[in-house]
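First up is the structure itself, then whatever we jot down about it.
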Amino acid sequence: MANAAGASEEELPRASSADEEVVEEEQVGTVNERLLDYHGILRYLCIGWRLRLVENDLFNQDWRSRSRSAILRYVFLKWTFCLFIGCVAGAIGFFNNLAVENIAGLKFVAVSNLMLANKYWTAFAVFAGSNLALLMFATVITAFVSTAAGGSGIPEVKAYLNGVDAPDIFSLRTLAVKIVGLITAVSSSLHVGKAGPMVHIGACIGAIVGQGGSRKYGMNWRWLRYFKNDRDRRDLVTCGAAAGIAAAFRAPVGGVLFALDHCVHGSLRCYMSNFICFLDIEGSLAKTLDFFFNPFRSFKKIFISCYRWRSALLWRAFFTTAVVAVTLRALVDVCERGNCGLFGKGGLIMYDVTADNITYHLADLPPVILLGGIGGILGSLYNFLMLKVLHIFSQVNEKGCTYKLLLAATVSIFTSCCLFGLPWLAPCSPCVKADCPSIGRSGSFSNFQCLPNQYNDLASLFFNTNDDTIRKLFSNGSNDDFHKSSIMVSFITSYVLGIISYGVAAPFGLFVPVILTGATYGRVIGMLMGSNTSLDHGLFAVLGAASFLGGTMRMTVSVCVIILELTNNLLLLPLVMLVLLISKSVADSFNPNIYDLILKLKGLPYLEDHVEPYMRQLTVSDVVAGPLRTFNGVEKVGSIVHILKTTGHHAFPVIDEPPFSSPPVLYGLILRGHLLSLLRKKYFQPTCSLAGSNHASKKFVADDFAKRGSGKQDSIDNIELTAEEMEMFIDLHPFINTSPYTVVETMSLAKALLLFREVGLRHLLIVPKSANRAPVVGILTRHDFMPEHILGLHPYLTKSRWKRLRFRTSIFTKFFRAPSI
């Protein structure tokens with residue numbers, strides 16, 4: 001019979017799959033429910049990566065029965081899927097650039113022609129109207145078709161690879177809305193970018209490929225069933241995320257690093273120390289040369305020493321990003337023949353704008369250090385203000401689709417007024433370059449209201465896509481192209497518009513706005529330094545972008561490599577590393593990175609890499625909140641149905657009692673989805689006896705218990721049983737995971753968290769220290785490690801709760817501190 005014991009998760013109303021842990025938003029604790037609807041994601045699923053292949057008799061027989069050709073086919077398909085992901089991600093990245101450049105280009109050409117004809121009010125109407133129409137279209141399809149497509153998607157991908165699966169984030173509908181909405185939103189002159197959503201798009205491609213086919217569309221071939229597990233799906237999502245960054249920046253190594261730096265468990269401190277030691281200038285010159293000429297082998301040594309990445313996954317991720325780079329190169333070559341309309345060399349395909357020879361001296365280091373320090377302060381303030389704005393915008397968005405549209409329209413009109421109105425304050429400058437002014441050509445300067453052969457430098461920054469504006473700011477030898485006042489106005493405008501734009505319910509990202517804001521800030525510092533430094537203003541813009549990225553997103557090594565691949569200049573490495581380390585260290589003293597703040601805002605139970613010191617004061621038994629549920633090895637059907645209907649637990653310990661075992665003994669763990677499969681197939685027997693694994697293998701195959709895709713899932717309410725069947729029994733032994741992870745009840749909570757996170761578990765059983773007690777004390781899940789849950793059970797720990805080092809004494813610091821949610 002059933003006893004009191006079981007997992008602490010509650011069932012998602014839509015029903016559970018065979019290999020997913022179903023959780024509801026109330027498990028987050030004190031997080032306000034209305035904040036979780038920021039982009040319409042209210043519920044989530046928790047996934048364990050290490051328990052992805054359940055170790056029971058049925059699965060073991062299935063694996064043993066596979067032939068050598070089946071194993072080779074499985075390996076071949078994994079590499080084929082990586083090739084497919086790389087090709088599709090590269091093609092989508094290119095298509096996005098092509099569409100944005102042409103749609104935005106046509107808009108700017110029409111506005112410029114009206115400006116030349118002195119029809120200023122008509123030009124503003126066309127500019128603001130087209131921006132409004134484009135953004136409203138993106139918001140409408142996001143609000144009514146797929147709310148999961150809103151935002152950049154990086155927090156959701158990061159949470160998924162941490163073990164949390166929000167509903168519909170990787171569905172085909174989300175992918176379609178993400179692509180179309182991204183193009184229209186970025187073309188609307190909103191201060192947003194397309195790099196972040198490319199991570200989500202790549203992850204969607206990987207998840208769709210890795211869901212093992214679809215019964216709905218008739219794609220249920222036998223060879224696809226090998227991929228119906230969490231491990232392979234997670235690997236393909238990781239490769240897709242890396243491919244997304246590679247497609248956005250044409251940075252294959254940077255893409256692998258980004259997926260590792262932002263999406264995978266590990267010790268960043270260990271990674272950074274190994275990376276710096278590997279490139280130590282006091283070490284061997286051969287090591288440094290080996291890093292540049294053999295980057296994959298060098299990164300592999302660093303990664304595997306700190307991160308729990310399998311070597312095969314690292315190879316496949318790097319292969320996927322390499323395919324992306326080749327695909328982009330082939331497609332860009334086609335456009336260079338003039339077959340892509342207004343699309344030219346603009347966009348984030350490759351900046352390649354800095355000088356071939358960059359020289360700097362010891363006297364140039366103080367401005368660089370200052371640049372990194374100020375970047376950290378500005379980045380932490382950026383995070384603080386954005387979180388405040390998202391908090392307010394979420395309250396507006398939760399009121400319904402009408403309010404989402406009104407908010408999007410308000411932001412669009414305000415943005416259009418700023419971009420069209422502020423250039424009137426800028427002075428006109430004589431044009432001495434060949435591309436100034438020009439209409440209909442990517443990257444040209446803008447004439448705006450100026451006389452012929454003159455240009456408006458502020459309009460040249462505003463009346464371009466964000467990608468082309470960054471190219472201008474990064475350009476070498478352009479110290480005299482912009483006035484100091486124009487760069488200051490551009491910096492303030494970019495800073496403000498970047499904060500208020502992200503709260504709109506449409507698909508776009510933060511990466512490009514942060515790069516653009518950092519580039520203008522770097523130019524400002526370069527202009528203020530004047531003749532006190534020999535560094536070019538374009539180089540200051542590159543370093544400013546790196547410092548602002550470090551101050552907001554706190555990415556270090558991945559940003560460093562992405563910047564190097566963007567600019568195609570390895571000589572920037574020491575300076576970029578310096579500003580990144582300084583900006584991240586300064587910003588960490590104020591608040592967490594922006595993606596962690598958004599994760600907390602959405603209520604996703606993300607497990608941090610560090611252990612809170614107060615966890616060392618508790619044991620695992622101190623945080624178990626029952627009741628749990630257990631089953632006997634041979635259980636009555638009615639008891640199983642009753643527990644499944646009255647609880648939402650995902651996993652249940654199975655205990656053998658007399659007559660099958662003289663003392664009660666823990667036999668293993670069985671999943672809710674497996675119980676549903678047994679009930680649906682009516683695997684019953686009339687007496688309470690052992691049926692044996694041979695009998696189970698004749699009636700079931702491993703595919704009956706495989707992980708379902710994104711379609712309709714099973715529910716206990718959909719299974720109909722007669723009164724006679726409710727009195728029958730089920731032998732659970734062949735379907736039980738007989739080797740679950742267990743810990744003794746006296747183990748510290750901190751040590752258990754390390755095991756739970758590093759191994760990637762969904763459930764951790766607690767067993768008693770003495771033998772004369774029940775064989776199971778409790779079961780730990782992700783929810784039990786959340787600070788809200790722990791501090792709710794033990795409020796006295798609140799006073800001793802450890803937080804990262806923060807400056808708290810001054811009013812200035814209190815203003816920067818992240819608000820409580």
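The values are calculated or read from the model by the stated rules, or taken from the named source; none is laboratory data. Keep in mind that what you see is a predicted model, and the values were worked out from it rather than measured. All Cβ positions, glycine included, derive from the backbone under ideal geometry; neighbour counts span all protein chains shown.
List of remarks:
- All told, Asn464 meets the bar of being closer than 17 Å to Ser486 by Cβ, in contact with a Gly (Cβ under 8 Å, 6 or more places away or on another chain) and at pLDDT below 85.
- Leading residue by the ranking (modelled with the highest pLDDT) among those in region 313-366 that are charged (D, E, K, R) and more than 21 Å from Asn476 (Cα to Cα): Arg316
- Candidate set: region 754-767, residues that are more than 22 Å from the chain's Cα centre (by Cα) and crowded, with 21+ Cβ neighbours inside 10 Å; chosen: the one nearest to Leu618 (Cα to Cα): Ile766
- Residue that is surrounded by the most Cβ atoms within 10 Å (Cβ to Cβ), among those in region 638-658 that are under 24 Å from Glu724 (Cβ atoms) and out of contact with any Leu (no Cβ under 7 Å at 6 or more places or on another chain): Ile643
- For beta carbons closer than 8 Å, sequence separation of 6+ or different chains, a first residue in region 753-775 that is within 15 Å of Gly668 (Cα to Cα) and a second that is loosely packed, with under 14 Cβ neighbours inside 10 Å, the qualifying pairs are Pro775/Val665.
- Selection count, region 506-539, where residues are part of a helix (DSSP H, G or I) and touching a helix residue (DSSP H, G or I) at 6+ places or on another chain (Cβ under 9 Å): 23
- The residue that is farthest from Val237 (Cα to Cα), among those in region 691-725 that are modelled with pLDDT under 80, over 33 Å from the mean Cα position of the chain (by Cα) and assigned to a loop (DSSP other than H, G, I, E, B), is Ala691.
- For Ile562, the test of being within 22 Å of the chain's Cα centre (by Cα) and under 20 Å from Thr469 (Cβ atoms) is passed.
Table: residues versus (1) assigned to a loop (DSSP other than H, G, I, E, B); (2) modelled with pLDDT under 85.
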site: Ile730; (1), (2): no, no
site: Lys751; (1), (2): no, no
site: Leu765; (1), (2): no, no
site: Val776; (1), (2): yes, no
site: Leu797; (1), (2): no, yes
site: Leu805; (1), (2): yes, yes
site: Ala818; (1), (2): yes, yes
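- Of the residues Gly498, Gly503, the single one that is in a loop (DSSP other than H, G, I, E, B) and either modelled with pLDDT of 85 or more or on the phi > 0 side of the Ramachandran plot (or both) is Gly503.
To keep it simple, each residue is scored yes or no on (1) over 22 Å from Pro366 (Cα atoms); (2) of a type outside the set (S, T, N, Q); (3) crowded, with 22+ Cβ neighbours inside 10 Å; (4) modelled with pLDDT of 90 or more.
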{"residue": "Met488", "(1), (2), (3), (4)": "no, yes, no, yes"}
{"residue": "Thr517", "(1), (2), (3), (4)": "no, no, yes, yes"}
{"residue": "Arg523", "(1), (2), (3), (4)": "no, yes, yes, yes"}
{"residue": "Gly538", "(1), (2), (3), (4)": "no, yes, yes, no"}
{"residue": "Gly550", "(1), (2), (3), (4)": "no, yes, yes, yes"}
{"residue": "Cys560", "(1), (2), (3), (4)": "no, yes, yes, no"}
{"residue": "Thr567", "(1), (2), (3), (4)": "yes, no, yes, no"}
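- In the set Val542, Val576, Val586, only one residue is more than 21 Å from the chain's Cα centre (by Cα), part of a helix (DSSP H, G or I) and without any contact (Cβ under 8 Å) to a residue 40 or more places away in the chain; that residue is Val576.
- Condition met for Val514 (closer than 28 Å to Ala128 by Cβ and either touching a strand residue (DSSP E or B) at 6+ places or on another chain (Cβ under 6 Å) or among the β-branched types (Val, Ile, Thr) (or both)): yes
- Contacts under 8 angstrom Cβ, first residue in region 222-243 being closer than 16 Å to Ala89 by Cα, partner hydroxyl-bearing (Ser, Thr, Tyr) and modelled with pLDDT of 80 or more, 6 or more apart: Val237/Tyr160; Cys239/Thr320; Gly240/Thr320; Ala242/Thr320; Ala242/Thr321; Ala243/Thr320; Ala243/Thr321
- For region 589-647, filtering for residues that are polar (S, T, N, Q), out of contact with any helix residue (DSSP H, G or I) (no Cβ under 6 Å at 6 or more places or on another chain) and in a loop (DSSP other than H, G, I, E, B) leaves 3.
- Looking across region 397-426, the residues that are touching a residue at least 40 places away in the same chain (Cβ under 8 Å) and more than 30 Å from Trp121 (Cα to Cα) come down to Asn397, Glu398, Cys401.
- Flag if Leu98 is in contact with a Ser or Thr (Cβ under 7 Å, 6 or more places away or on another chain), under 14 Å from Val186 (Cβ atoms) and touching a residue at least 40 places away in the same chain (Cβ under 8 Å): no
- Taking the listed residues Thr809, Thr813, the one that is at pLDDT below 65 and part of a helix (DSSP H, G or I) is Thr813, with no other qualifying.
- Wholly enclosed helices (runs of 4 or more DSSP H) of region 104-207 bearing at least 1 residues touching a residue at least 40 places away in the same chain (Cβ under 8 Å) and aromatic (Phe, Trp, Tyr): 120-144, 154-162
- Scanning region 656-693 for residues that are of a type outside the set (D, E, K, R) and on the phi > 0 side of the Ramachandran plot yields Gly668, Gly692.
- Thr781 vs. criteria at pLDDT 85 or above, among the polar types (S, T, N, Q) and surrounded by fewer than 17 Cβ atoms within 10 Å (Cβ to Cβ): no
- Check on Ser486, over 27 Å from the mean Cα position of the chain (by Cα), of a type outside the set (Lys, Arg) and either more than 20 Å from Ser188 (Cα to Cα) or in a helix (DSSP H, G or I) (or both): yes
- Here Ile179 passes the criteria (1) farther than 30 Å from Phe462 by Cα; (2) at pLDDT 85 or above; (3) surrounded by fewer than 24 Cβ atoms within 10 Å (Cβ to Cβ) except the one numbered (1).
- Residue in region 497-514 that is surrounded by 24 or more Cβ atoms within 10 Å (Cβ to Cβ) and either more than 20 Å from the chain's Cα centre (by Cα) or more than 30 Å from Pro423 (Cα to Cα) (or both) present: no
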